[in-house]
Amino acid sequence: MRKESLVSINDFSKEEIIELLEKAKSFEENPNRRVLEGKVIATLFFEPSTRTRLSFETAVNRLGGRIIGFSDAATSSSSKGESLKDTIMMVSNYVDLIIMRHYLEGAARYASEVSSVPIINAGDGANQHPSQTMLDLYSIYKTQGTLENLNITMVGDLKYGRTVHSLLQAMSHFHPTFHFVAPDELKMPQEYKIFCDEHNIPYYEHRDFSEEVINQADILYMTRVQRERFTDLMEYERVKNVYILHNSMLAGSKPNLRVLHPLPRVNEIAYDVDDNPKAYYFQQAKNGLYARQAIICKVLGIDVD
Ligand code: CP
């Protein structure tokens, strides 16, 4: 079997990203194709999930494959002390593909090195969430008609938010300008700012979530403050409600602005934003189904068209 894991969004070239976006569009037009007939796919979720796991499992079901796995590691033998290596080696005996979420950064890379079948990283700690990035790119492309030369404003937990880390790297192919809105405790890590410098990507850091920042954005990418990544819960309490987007704050925004959020949200987007046509986060999550169908077929080397 061809073995091509997706661990980091950097595993894909610009051409492959564009090819995947075209495939996602094709799956949106027809999501029910039995191209995974006879394939068994494992979803191993060592961390909680709603969208990622269910959209991957829906993707497999709509393509005619079968799913095994767990949504709670407490029900697996890892709760008896079985190592990640042994778990992956066992499961890769049974299936054609493993989709895995893990709380440790680097876990997906390690799994890809010991597995005999491809691994799709469904989130590893604060590191990467590449399938989320593909659905984010698809959502941006659908709403803006292009990925080129966009103003992307990222708001909230830029330190622990793996979705913003992956998205930043993926957008580097498309000449973005970034605005990072975060409190000092949750600023974009230095390594990603160095990445921007190395790729000649302009970025601006803000502490204030001002209307001036909102009004120049094409994409407003809101994020949740990730309680599960804090070692000091007092610090979490200090920053958890630092930025809340209310509908009135969008009054002067650009007509093409769309508000994205990987979800789940806690308090960072008020419910009065949901009815604004610029709110796109639920459609964004729906796009995940098509983006993930495209990713599964790519890693398994299945050419649907
Ligand atoms: N966006 C995202 O990863 O959501 P879940 O945690 O629900 O999978």
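The values are calculated or read from the model by the stated rules, or taken from the named source; none is laboratory data. Nothing here was measured: the structure is a model prediction, and the numbers come from that model. No Cβ is skipped: glycine too gets one built from the backbone with ideal geometry, and neighbour counts run over all protein chains shown. Areas reflect the complete protein model, heavy atoms only, side chains present, ligands, DNA and RNA absent. Shrake-Rupley method; radii C 1.70, N 1.55, O 1.52, S 1.80 Å.
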Original post:
How many angstrom separate the Cα center of segment 134-164 from the Cα center of segment 24-96?
Top reply: 26
Original post:
Roughly how many Å² is the accessible area per residue of the chain, as a whole number, for a 1.4 Å probe?
Top reply: 43
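Treating only the Cβ of Lys, Arg, Asp and Glu as charged (+1, +1, -1, -1), what charge dipole size does the chain show about its Cα centre? Round to the nearest 20 debye.
Numbers: 34 positive and 41 negative charges, 166 e Å.
Value, rounded to 20: 800 debye.
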Original post:
Once amide H atoms are built 1.01 Å from N in the peptide plane, which residues 5 or more positions from Ser5, or in another chain, come under 5 Å H to H?
Top reply: Ile119
Original post:
Against the longest alpha carbon principal axis of the chain, how many degrees, from 0 to 90 and to the nearest 10, is the axis of helix 14-29 turned?
Top reply: 80
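Would you please put 17-24, 184-191, 109-116 in order of how densely packed they are, using the mean number of other Cβ atoms within 10 angstrom per residue and starting with the highest?
Details: 17-24: 19.1, 184-191: 14.6, 109-116: 17.6.
Those peptides, ordered most packed to least, come out 17-24, 109-116, 184-191.
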Original post:
Which angle from 0 to 90°, rounded to the nearest 10, does the C-alpha axis of helix 130-144 make with the longest principal axis of the chain?
Top reply: 50
**OP:** With only Lys, Arg, Asp and Glu charged, each at its Cβ (+1 for the first two, -1 for the last two), find how big the charge dipole of segment 130-285 is about the Cα centre; round to the nearest 20 debye.
**Re:** 320
Original post:
Just for the chain, what percent of DSSP beta bridges are antiparallel, to the closest 5?
Top reply: 5
**OP:** Kindly identify the chain as rounded, prolate or oblate by the Cα gyration tensor criterion: order the square roots of the eigenvalues as a ≥ b ≥ c, call it rounded if a/c is under 1.5, otherwise compare a/b with b/c, prolate if a/b is larger, else oblate.
**Re:** prolate
**OP:** Arrange the peptides 87-96, 292-301 so that the one whose residues have, on average, the most other Cβ atoms within 10 Å appears first.
**Re:** 292-301, 87-96
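Quote the convex hull volume per residue of segment 167-218, based on C-alpha atoms, as a whole number of Å³.
Values: hull volume 4.0 nm³, N = 52.
Hull volume normalised by residue count: 76 Å³.
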Original post:
What angle, in degrees between 0 and 90 and rounded to the nearest 10, separates the Cα long axis of helix 162-171 from the longest principal axis of the Cα atoms of the chain?
Top reply: 80
**OP:** Could you please state how large a percent of the accessible area of the chain is carbon and sulfur, counting protein chains only and using a 1.4 Å probe?
**Re:** 47
